[in-house]
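> Have a look at the structure that comes next, please.
What follows draws every value from the coordinates through simple rules; no lab data is involved. Everything quoted here is computed from the prediction, not taken from an experiment. Backbone-built Cβ (ideal geometry, glycine too); neighbour counts: all protein chains shown.
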Amino acid sequence: MIRFALPFILFLLFLLEGTWFQVFVSPSLFENAVLVPRFTLIAIVLTAIFRGPLTGVIVGAATGLLYDFVYTDLLGIYMFSLGFTAYISSFTYHAVRVSYAWQVIIILGAIFVFEWMTYGLYYVIGYTEIIFEEFFIMRLVPSWILNGVVALFLLYPFRTLFHRLEEYEELQKR
C-alpha cells in the first residue's frame, strides 16, 4: 500500500496546483505578479534526491507528459523539462539527504532551471512574446518565493514518506 503513496501524492499535488490554487488565490491580490505553483516539481525533485536519478527522471517525464496533455498544445516541453530538471537535481549524497537547507537550495535551483528552460523553449519556438526581464520580475521571482515556502512545508512529510518506503523495501528483501 505504501508504494502507491508517491503516485497518489503526486496526482493530488497536480490537482492542487491546477485547480484549487486558482480558486483560493485571487488574481486581483497580485496585480503585477503571476504566481505559478510548482508543487509537483518540488515532489519530483525530492523523489530524485531520495530515490535516485532514474526514478526521478521517470516520475518527472510521466508527470510532464500529464502536464503536456492537460495544459499545453505542444507535447514534450514539460515532459523534457521535468525529466531534465529531475536528473540534474538528483544529488544522492548523504549530506543532501539529511540537510533541509541543501534540499531547499536544490529545490529553488530546480525551480529556476525549470521555469527558465520552459520559458526559453517557448520563446525559441515563438510560442511566447514576453521578454526575459518581464518574465523574471512578474513570474519567476513571485513563483520562486511561493514555491520556496511550500517546499519548506513539504520537506518533512516527503522525507518521512521516503524513509518508510526504504523500510518497506528492506522488509521485502528479507
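> Residues that are under 25 Å from Ala101 (Cα atoms) and not acidic (Asp, Glu), at least 3 per element: which helices (runs of 4 or more DSSP H) completely within segment 1-66 meet that?
Details: elements: 5-15, 21-24, 39-51.
Output list reads 5-15, 39-51.
> Sort through Val104, Val96 and tell me the only one that's of a type outside the set (Phe, Trp, Tyr) and within 18 Å of Pro37 (Cβ to Cβ).
Working: Val96 fails: within 18 Å of Pro37 (Cβ to Cβ).
Criteria check complete, one pass: Val104.
Rundown of residues vs (1) crowded, with 18+ Cβ neighbours inside 10 Å; (2) more than 17 Å from Arg139 (Cβ to Cβ); (3) touching a Pro at 6+ places or on another chain (Cβ under 8 Å), yes/no style:
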position	(1), (2), (3)
Tyr78	yes, no, no
Val96	no, yes, no
Tyr100	no, yes, no
Ile107	yes, yes, no
Val113	no, no, no
Trp116	no, no, no
Leu121	no, no, no
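The rows are residues; the columns are (1) farther than 30 Å from Glu170 by Cβ; (2) touching a residue at least 24 places away in the same chain (Cβ under 8 Å).
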{"site": "Leu41", "(1), (2)": "no, yes"}
{"site": "Leu65", "(1), (2)": "yes, no"}
{"site": "Ile105", "(1), (2)": "no, no"}
{"site": "Gly120", "(1), (2)": "yes, no"}
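> Moving on. Does Thr128 qualify as being loosely packed, with under 13 Cβ neighbours inside 10 Å, hydroxyl-bearing (Ser, Thr, Tyr) and out of contact with any Asp or Glu (no Cβ under 6 Å at 6 or more places or on another chain)?
Numbers: loosely packed, with under 13 Cβ neighbours inside 10 Å: no; hydroxyl-bearing (Ser, Thr, Tyr): yes; out of contact with any Asp or Glu (no Cβ under 6 Å at 6 or more places or on another chain): yes.
Against the criterion (loosely packed, with under 13 Cβ neighbours inside 10 Å, hydroxyl-bearing (Ser, Thr, Tyr) and out of contact with any Asp or Glu (no Cβ under 6 Å at 6 or more places or on another chain)), Thr128 does not qualify.
> Further, regarding this structure: If a residue must be without any contact (Cβ under 8 Å) to a residue 40 or more places away in the chain and over 17 Å from the mean Cα position of the chain (by Cα), how many such residues does segment 73-100 contain?
Of the residues in that region, 7 qualify.
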